[in-house]
1. When the residues of the stretch 69-97 are narrowed to those that are in a loop (DSSP other than H, G, I, E, B) and touching an Asp or Glu at 6+ places or on another chain (Cβ under 9 Å), which ends up modelled with the highest pLDDT?
2. Are any of the residues in the stretch 131-138 part of a helix (DSSP H, G or I) and touching a residue at least 40 places away in the same chain (Cβ under 8 Å)?
3. Which condition number does LEU106 fail, the rest of (1) on the phi > 0 side of the Ramachandran plot; (2) outside any loop (DSSP other than H, G, I, E, B) being met?
4. Can you name the residue in the stretch 114-130 that is in a helix (DSSP H, G or I) and under 21 Å from the mean Cα position of the chain (by Cα) and is also nearest to ALA70 (Cα to Cα) among such residues?
5. Evaluate the following for GLU206: is it assigned to a strand (DSSP E or B), acidic (Asp, Glu) and at pLDDT 95 or above?
6. If you check every pair at least six apart or on different chains, which have Cβ atoms under 6 Å apart with a residue in the stretch 167-191 that is under 21 Å from LEU117 (Cβ atoms) and without any contact (Cβ under 8 Å) to a residue 24 or more places away in the chain first and a residue that is among the acidic types (Asp, Glu) and in a loop (DSSP other than H, G, I, E, B) second?
Amino acid sequence: MTRITSVLVLLIAVLLAACGTSAPTTEAVEPIPTQPEAPADEPEAQPEADPTVEPQPETEPESETVNTTAFTIDPAQSEARFRIAETLLGSDIEVLGTTSAITGGLIPDFANPAATLIETITIDATTFVTDNNNRNGAIRRWILETDDPANQTITFVPTAIEGLPETIALGESYPATISGDLTVHNTTNPVTFEGTVTPVSEERIEGFFSTVIMYADYGITVPQPPQVSFVADELTIEIEFVAVP
């Protein structure tokens, strides 16, 4: 072996020894601190029911009291009338026909008078009487023609009441108007009655209402015998009533 070869072998041996004895160094990495998990919310403890206390039942909201007491017209204390002017034997008179055969009713609301309801009012037209029997017969046979069953009743069907105040006092009278459909002689037309109503007490209501109609609008004709020189074209209908529960 030559000198140069020996030197190379020696160098290689030294390098190999150095590689075998030295270990690679690594830098230490500190661990990243982690946030501790928040504990889960625990349910609040419910207080134990006291066995000595009875549970209270649930209460429903109070409803407003509605007055539904029905009042009916008392025929014994009520009257329907018609009035018409004529000239008899040269004298101006007013013919008055009356009957107590009147039925109907109402549902008053003392707390809210405008909400009062009025039922159909019916009059038995066969029962009208005046101060003259001859005239009474003429009314039945030729004027109202109540021998025909279709003409035997007069009805008024209210559709609206106006004029009543927001509050009332028992014993006071109040003006009012009542609109509706009036049927006379089997013919119907809209009319308005005007008058007053008096809540005398919670057990008694009084009223007086009237309207003027042209009787020709109801297909009615009034014959004029020789002794009658004039009969008005219009007549007044009046209803005076007492209503009780």
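1. Going through the stretch 69-97, the residues in a loop (DSSP other than H, G, I, E, B) turn out to be 69-70, 74, 78, 89-90.
Checking which are touching an Asp or Glu at 6+ places or on another chain (Cβ under 9 Å) leaves us with 69-70, 78.
Values: THR69: 90, ALA70: 95, SER78: 98.
The qualifying residue modelled with the highest pLDDT is SER78.
2. Yes, the conditions are met somewhere in the stretch 131-138.
3. Only one criterion is unmet by LEU106, namely (1).
4. ALA115
5. So GLU206 passes the test.
6. none
The values are calculated or read from the model by the stated rules, or taken from the named source; none is laboratory data. All values reported here derive from a predicted model rather than from experimental measurement. Positions of Cβ are backbone-derived with ideal geometry, glycine not excepted, and every protein chain shown enters the neighbour counts.
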